[in-house]
Every structure is written in structure tokens, then in C-alpha cells.
Amino acid sequence: MPGVDGHRPWMRAVDFHSGSIRPHDRRTVRRLSDMAWAYRDRDAVRRALDGGDPVMYEIYEALVPEQEGHLLTCTTVLHPGRIGDEYFMTKGHYHALRETGEVYLTLRGEGLLLMETEQGETAAVKMGVREVAYVPPGWAHRTVNTGDEPLVFLAVYPAHAGHDYAAIERAGGFRKRVVHRDGKAVVVDR
Ligand code: PAN
Ligand code: ZN
């Protein structure tokens with residue numbers, strides 16, 4: 001029987017170490033200059049930009065139609081490092097369609113998943129290998145690599161969700177930050 005829109009079933013290989021999906025339809029690279037506003041320590045940002053604008057993370061996607069009913073599968077490879085005392089992190093976003101959630105499965109490394117709502121609730125969920133984290137509808141989400149190897153995770157979310165980065169930037173970033181203090185990762189107020 002044909003599917004609802006003719007899209008055929010498929011299988012892809014996921015490399016848990018490198019984080020690549022093979023074959024992938026799109027690979028996106030995000031550098032510090034794509035999100036320099038997000039880090040608090042402006043001198044550290046300038047130094048890192050002058051020092052070659054580091055790659056912060058890469059996203060591999062298996063594209064499907066951006067339509068209700070489809071699920072998009074992708075991996076993120078978030079490199080280890082810090083800008084000042086703040087760990088490398090993703091830009092973070094709300095889904096444009098606020099009523100859509102997401103599932104993250106950690107494949108390598110360790111980190112924190114920072115989440116918050118427009119009503120002011122916040123959460124920080126641990127990410128570790130073989131652990132699943134859930135992003136409920138309406139929660140903005142950002143991942144932070146608190147380890148010293150790449151944080152690799154697989155995400156699955158409704159393909160029509162869309163990404164709203166502007167709401168985060170407008171709000172002045174996330175309400176919480178994750179910083180390196182006395183040798184460990186600490187969640188602090190913005
Ligand atoms: C993830 C993220 C990915 C990169 O696939 O898009 O980790 O983070 P930013 O999109 O915030 O740069 C996801 O949550 N998709 O919806
Ligand atoms: Zn998302």
C-alpha cells in the first residue's frame with residue numbers, strides 16, 4: 001500500500017563516534033561567529049574569533065517533507081571547549097510550532113540540556129550515553145557540552161515544527177548558563 005504522500009521507507013547508518021548519518025541529505029556547520037551574541041564573556045568571544053572562529057557544532061540531517069505526520073531525524077556533534085568559563089553550546093531555539101516536542105538520545109560524551117518556557121520555567125537535564133531526554137511542547141532547548149570529548153546525540157522531532165531562534169535572541173538568551181567553576185559544570189543564572 002502506498003504511504004500517505006508517496007514518501008518511501010528508508011534506513012540510514014548512524015556512526016555513534018563521529019556522529020555522522022550516512023547517507024545524509026544536509027550537513028550544517030555552526031561556528032562561533034554564527035552565535036557570538038550567546039556568550040557572556042565578550043573579550044573571550046573576541047579572542048576566539050581572532051583565533052580562527054572555531055567550529056562549535058555540526059548537524060547531519062535525513063530530510064523528509066516538512067509536513068505534519070513526518071518525523072525528522074538528525075544528529076548533532078557538539079565539540080568540547082569553552083568561551084571564557086562557558087562551555088560550548090548550541091544556539092538553542094523554540095519550535096516555531098510551540099505544540100511540538102522532541103526526543104534526544106545521547107550517543108557519545110556528556111552534557112546538559114537546558115530548557116525553559118516563555119512563562120519563566122527552567123530545567124537542566126543531564127545528557128549521558130544511552131540516555132534519552134525529552135523536550136515537551138513549548139520548551140526552548142539548548143545543549144551544552146560539559147565533557148572533554150564531542151557530545152553526540154540523535155534527535156527526532158515533527159518535521160513541520162520549524163525553528164524559532166529569534167525569540168531566544170530577543171529574550172537576551174537563556175535564563176540559565178552552564179559555566180566551569182572549581183573544576184566542574186555549574187548551572188547559574190544569566
Ligand atoms: C536539534 C538542534 C541541533 C542544533 O536538532 O537543531 O542540536 O541546535 P540549534 O538548532 O539550536 O542550533 C533540534 O533541537 N532540532 O529541533
Ligand atoms: Zn528542536
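Just so you know, all these numbers are worked out from the coordinates, no wet-lab data involved. The structure presented is a predicted model; accordingly, all values stated were derived computationally and were not measured. Because the Cβ atoms are built from the backbone with ideal geometry, glycine has one as well, and the counts that use them run over all protein chains shown.
Please report how far the C-alpha centroid of segment 140-171 lies from that of segment 79-126, rounded to the nearest whole angstrom.
Segment 140-171 and segment 79-126 have Cα centres separated by 5 Å.
Counting Lys and Arg as +1 and Asp and Glu as -1, what is the net charge of the other residues whose Cβ lies under 14 Å from the Cβ of residue 110?
+1
Starting from the amide H of residue 20, placed 1.01 Å from N in the peptide plane, find each other amide H under 5 Å away whose residue is 5 or more places distant or on another chain.
15
Just to confirm my numbers, what's the Cα centroid distance between segment 172-190 and segment 38-54 in Å?
17
What are the ³J(HN,Hα) couplings of segment 134-147, residue after residue, when phi is run through the Karplus curve with 6.51, -1.76, 1.60 and θ = phi - 60°? Round to Hz, x for glycine and proline.
These are the phi-based 3J(HN,Hα) values: 10, 9, x, x, x, 9, 5, 9, 9, 9, 10, 8, 9, x Hz.
Where Lys and Arg each count +1 and Asp and Glu each count -1, what net charge lies around residue 62 among other residues with Cβ under 12 Å from its Cβ?
+2
Which one of 114, 188, 81 has its Cα pushed farthest toward the positive end of the charge dipole of the chain, where Lys and Arg give +1 and Asp and Glu give -1 at the Cβ?
81
Please report the net charge: other residues with Cβ closer than 11 Å to the Cβ of residue 98, K and R +1, D and E -1. Kindly include the intermediate steps, with their values, before the conclusion.
Working: positive: none; negative: 99, 118, 164.
Combined, the nearby Lys, Arg, Asp and Glu give -3.
For a quick check: with amide H placed at 1.01 Å from N, whose amide H comes under 5 Å from residue 108's, ignoring anything fewer than 5 positions away on the same chain?
When sequence neighbours closer than 5 places are left aside, the close amide H contacts are 152.
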